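Here's the structure, in structure tokens; my notes come after.
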There are 2 protein chains.
Amino acid sequence: MSAEPRLLEVRKNVLKQNDVVARALRGRFRAQGTFVVSLVSSPGAGKTAFLEKTLTLLRQDYRVAALVGDLATENDAIRLARSHAPVKQITTGTLCHLEAAMVEHALSDWDVGQLDFLFIENVGNLVCPSSYDLGENLRIVLLSVTEGEDKPLKYPTIFNSADMAMITKMDLAEAVEFDEASVRANIQAVRPGMRCFAVSTKTSMGLKQYLQFLKDRLTEFTQAETALRE
Amino acid sequence: MSAEPRLLEVRKNVLKQNDVVARALRGRFRAQGTFVVSLVSSPGAGKTAFLEKTLTLLRQDYRVAALVGDLATENDAIRLARSHAPVKQITTGTLCHLEAAMVEHALSDWDVGQLDFLFIENVGNLVCPSSYDLGENLRIVLLSVTEGEDKPLKYPTIFNSADMAMITKMDLAEAVEFDEASVRANIQAVRPGMRCFAVSTKTSMGLKQYLQFLKDRLTEFTQAETALRE
């Protein structure tokens with residue numbers, strides 16, 4: 001298609017500009033001591049339920065908030081508000097991903113004070129969000145047991161852009177004859193050494209280890225920042 | 001973001017050019033008497049299993065073939081080949097959707113004779129494929145019972161661009177406490193009057209009615225073409 005090279009060129013500029021905004025956000029989060037975690041997955045992998053549980057459990061000891069992206073509806077923000085953490089919805093219209101400028105804009109008129117953790121739930125999409133840095137410190141890609149073990153091989157870019165994988169809906173593993181060894185092998189084939197947790201929001205399986213992992217990352221993050229200042 | 005209006009303009013041109021190719025494809029399919037069905041859904045909704053079953057059952061009485069799109073791997077083409085129907089994989093690299101030119105290119109060097117049905121399985125994505133006409137006669141959007149009842153409201157564009165909805169993995173409905181009335185109401189809210197089937201590839205539930213629907217559409221399609229020629 002003749003229009004493609006021009007589209008690619010413009011796309012490169014958009015990505016470059018996104019990187020500039022993301023870098024500024026990351027600097028701001030670092031200065032504020034806020035550890036930022038983003039969640040990406042296909043629609044229906046259980047991001048919102050997982051995030052609601054995360055917010056509920058963390059807010060007992062930490063200052064937490066969440067931004068949530070969707071094409072349409074405020075449904076996810078309403079669901080997440082049940083955690084009693086501050087939550088804000090970003091609606092993207094027809095856009096298939098969040099961009100750093102949307103995060104920046106959402107934060108600009110939102111006074112949530114000094115946060116320990118900010119979570120950003122991306123639009124449900126296993127392709128497009130991979131190209132857009134949101135200034136996060138940790139990107140988690142979620143994959144539910146019902147989606148099929150081959151997904152890391154079929155969507156390698158997003159698994160490559162993530163720092164951690166989360167296998168969700170483990171309570172359904174038996175019903176769908178889920179092969180955990182196979183999905184773990186496929187994740188390692190695409191991104192060798194990537195940390196991977198298997199969890200169930202329903203039964204709480206695996207959540208304790210995952211939350212401890214987050215808390216350890218926050219400690220490392222704030223210690224590194226303090227060391228830099230000294 | 002300042003680059004956005006330029007991106008939108010280029011994107012409009014790409015879409016316009018896609019429509020030209022799609023229109024030409026549709027004319028060719030009509031002249032050949034080939035009824036073209038495309039499948040869109042999020043990753044892991046069961047498109048490939050559903051298509052394998054469809055090909056296996058239809059090829060007893062009809063000439064059928066399939067094109068299947070993925071970012072990477074030939075996995076789906078290998079799976080679909082078990083149906084013994086001709087199958088060809090299109091790998092899109094990092095592109096989040098199929099375009100009409102890819103379909104045209106895939107068909108250009110592929111001699112499958114005169115087909116009754118050609119199926120096109122799109123990349124797993126509930127956002128991007130909605131904007132790209134592939135010259136198909138019928139676009140089916142699949143939604144599995146594990147994804148959550150609110151998906152039509154959260155991804156309205158793709159439900160609007162489809163002609164029919166297919167609720168898949170009905171064998172798991174009880175395990176996930178699926179609310180069929182709610183998802184049907186949400187589909188109707190987004191696209192009033194849209195035909196919707198509930199199926200299970202595993203138990204074959206609903207497949208007979210769906211296949212009869214396809215056969216009826218083919219009959220109508222070829223009769224309309226014959227009438228035009230007389």
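Descriptive notes on the structure:
- Going from the isolated chain to the complete set of protein chains, the stretch B:69-113 loses at least 50 Å² of heavy-atom accessible area (1.4 Å probe) at B:Leu71.
- With its label point put 7 Å out from Cα toward Cβ, A:Thr222 sits 7.2 nm from the same residue's point in the other copies, in order from shortest.
- Amide hydrogen neighbours beyond the local backbone of B:Ile120, cut-off 5 Å, H modeled: B:Val37, B:Ser38, B:Leu39, B:Leu67
- Residues listed by number, the stretch A:130-162, amide nitrogen under 11 Å from A:Tyr62 label point at 7 Å toward C-beta: A:138
- Mean ellipticity per residue at 222 nm, deg cm²/dmol - from DSSP H runs of n ≥ 4 across the protein assembly as shown, formula -39500 (n - 2.57): -13500 deg cm²/dmol
- Projected onto planes of every orientation and averaged, the convex hull of the alpha-carbon atoms in the stretch A:155-210 covers 4.0 nm².
- GluC sites (Glu not before Pro) restricted to the stretch A:34-114 and DSSP loop, no more than 16 other C-beta within 10 Å: A:Glu74
- Dipole of chain A [Lys/Arg +1, Asp/Glu -1 at C-beta], most positive-end residue of A:Ala101, A:Leu51, A:Val68: A:Ala101
- Three-way shape call for the stretch B:120-217 based on the alpha-carbon gyration tensor, with the a/c threshold at 1.5: oblate
- Calculated from backbone phi, Karplus (6.51, -1.76, 1.60) coupling profile of the stretch B:82-92 in Hz, x at Gly/Pro: 5, 6, 6, 8, x, 9, 9, 8, 10, 9, 9
- Net charge, A:Phe50 excluded, C-beta distance under 10 Å - Lys, Arg +1, Asp, Glu -1: +1
- Distant-in-sequence amide contacts of B:Ile90, defined by a placed amide H-H separation under 5 Å and a gap of 5 or more residues or a different chain, comprise B:Val68, B:Gly69, B:Asp70.
- Test item: B:40-48 mean partner chain Cβ contacts at 10 Å: 6
- Here the scattering of the stretch B:42-136 is modelled by Debye summation over its C-alpha atoms, one equal scatterer each and no solvent; at q = 0.16 Å⁻¹ the log10 of I(q)/I(0) is -0.62.
- Cβ-defined net charge surrounding B:Phe159, 11 Å radius [Lys, Arg +1; Asp, Glu -1]: +3
- Pair A:Arg82, B:Glu104: separation of 7 Å Cα→Cβ label points (nm): 4.9
- The Cβ shell under 12 Å around A:Arg30 holds other residues with a net charge of +2, Lys and Arg each +1, Asp and Glu each -1.
- Chain A: C-alpha gyration tensor shape, a/c 1.5 cut-off, then a/b vs b/c: rounded
- Nitroxide proxy distance, nm - points 7 Å out along Cα→Cβ at B:Glu225 and A:Thr94: 3.0
- Residues whose amide H comes within less than 5 Å of that of A:Thr201, counting only those at least five positions distant or on another chain, are A:Lys169, A:Met170 (H built at 1.01 Å from N in the peptide plane).
- GNM top mover of A:Ala198, A:Ala100, A:Ala31 - chain A, alpha-carbon springs below 10 Å: A:Ala31
- From phi via Karplus (6.51, -1.76, 1.60), per-residue ³J(HN,Hα) for the stretch A:29-44 in Hz, x at Gly/Pro: 4, 5, 4, 8, x, 9, 8, 10, 10, 10, 10, 10, 5, 6, x, x
- Here the contact order of the stretch A:71-230, divided by its residue count and restricted to Cα pairs under 8 Å and six or more residues apart, works out to 16 percent.
- Cys residues of chain B that find no other Cys beta carbon under 4.7 Å: B:Cys196.
- Counting only other chain Cβ atoms within 10 Å of each residue's Cβ, the peptide B:115-128 averages 4.
- Listed by chain and number, the lysines whose C-alpha is less than 30 Å from the C-alpha of A:Lys202, apart from same-chain residues fewer than 8 away, are A:Lys47, A:Lys53, A:Lys88, A:Lys151, A:Lys154, A:Lys169, A:Lys215, B:Lys47, B:Lys151, B:Lys154, B:Lys169, B:Lys202.
- Within the protein assembly as shown, the ratio Rg/Rh, alpha carbon atoms throughout and Rh by Kirkwood, equals 0.98.
- For the stretch A:140-221, the dipole from Cβ point charges (+1 on Lys and Arg, -1 on Asp and Glu) about the Cα centre works out to 300 debye, to the nearest 20.
The values are calculated or read from the model by the stated rules, or taken from the named source; none is laboratory data. Everything numeric here is computed off the predicted structure, so don't read it as measured data. Here the Cβ is made from the backbone with ideal geometry for all residues, glycine too, and neighbour counts use every protein chain on show. For the accessible areas, the whole protein counts, side chains as well, though only heavy atoms, and no ligand, DNA or RNA atoms are used. Shrake-Rupley method; radii C 1.70, N 1.55, O 1.52, S 1.80 Å.
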